[in-house]
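The values are calculated or read from the model by the stated rules, or taken from the named source; none is laboratory data. All figures in this text were calculated on a predicted structure; none of them were measured in a lab. Please note: Cβ atoms are built from the backbone with ideal geometry, for glycine as well, and neighbour counts cover all protein chains shown. Ligands, DNA and RNA are stripped out before the accessible areas are found, and what is left, the full protein with its side chains, is counted by its heavy atoms. Shrake-Rupley method; radii C 1.70, N 1.55, O 1.52, S 1.80 Å.
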2 protein chains.
Amino acid sequence: MSKYAMFGKLTAHPGKREELAKMMLESGETLNDMEGCIYYILHAAEEDPDDLWITELWESQEAHAASLKNENVLALIGRCRHLIAGGSAVKIRPLGGKGF
Amino acid sequence: MSKYAMFGKLTAHPGKREELAKMMLESGETLNDMEGCIYYILHAAEEDPDDLWITELWESQEAHAASLKNENVLALIGRCRHLIAGGSAVKIRPLGGKGF
């Protein structure tokens, strides 16, 4: 089974990035509960005040797909939705490197 | 001192991504030698056949800047240059999450 990686960009409504990031980070239990999640790291874009970037590494694509059906994850998405203006994803296949 | 993170996109000349990735991964010693580098992971974009994405996490911005003056890193860049059509970077500030 191949590992699965993704970059996601979330754009907050103007001025709402900090609130969105705080809400997502406070849901640490939700993140830690996700089976098959190796890492899930939240970043703030330095050059765009409303953008957050998430990097994810999963044991498999199936583990990632299952997380999107997890009720805690769905509840978190629901709580954050009013702060989010849009999003996009870059699908990537991890190859190797330092710390992989 | 704050940690420093970056996403970099490298676009290979058409059909050259595999060769570029192999060259970069075979330079594992160069990567492992970089002081202050926590991780440096190479990924292939699934939806663009010529794009590679690099995610980097450093102990500090200074450590990252110093790596760009390291002679082994400069030599690696020189060896790869003919395979690279272009690149861009997204500057990001890591906030937290699982595995951070």
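Annotations for the structure displayed:
- In a DSSP loop and with at most 10 other Cβ atoms within 10 Å, there are no trypsin sites (Lys or Arg not before Pro) in the range B:9-57.
- Computed magnitude of the charge dipole of chain A (debye, nearest 20; Cβ of K, R +1, Cβ of D, E -1): 260 debye
- Counting only other chain Cβ atoms within 10 Å of each residue's Cβ, the peptide B:47-57 averages 4.
- Diffusion coefficient, µm² s⁻¹, Stokes-Einstein with Kirkwood Rh over alpha-carbon pairs of the protein assembly as shown at 25 °C and 0.890 mPa s: 138 µm²/s
- In loop segments of the range B:1-50 as defined by DSSP, there are no chymotrypsin sites (Phe, Trp or Tyr not before Pro) with at most 15 further C-beta atoms inside 10 Å of their C-beta.
- Residue of B:GLU56, B:GLU46, B:GLU19 that the Gaussian network model of chain B assigns the largest fluctuation, springs spanning Cα pairs under 10 Å: B:GLU46
- Computed per residue of the protein assembly as shown from DSSP H runs no shorter than four, each worth -39500 (n - 2.57), the mean residue ellipticity at 222 nm is -9000 deg cm²/dmol.
- Rg(Cα) / (2.2 N^0.38 Å) computed for the range A:4-92, rounded to two decimals: 1.04
- Going from the isolated chain to the complete set of protein chains, the range A:84-98 loses at least 50 Å² of heavy-atom accessible area (1.4 Å probe) at A:LYS91, A:ILE92, A:ARG93, A:LEU95, A:LYS98.
- Accessible surface of the range A:4-92, 1.4 Å probe, proportion on carbon and sulfur as whole %: 50 percent
- The relative contact order of chain A, computed from alpha carbon pairs under 8 Å that lie at least 6 residues apart in sequence, is 46 percent.
- If R0 is taken as 22 Å, the Cβ-Cβ distance between A:ALA66 and A:LYS3 corresponds to a FRET efficiency of 0.90.
- Separation of the A:ASP48 and A:ILE77 label points, Cα + 7 Å toward Cβ, nm: 2.1 nm
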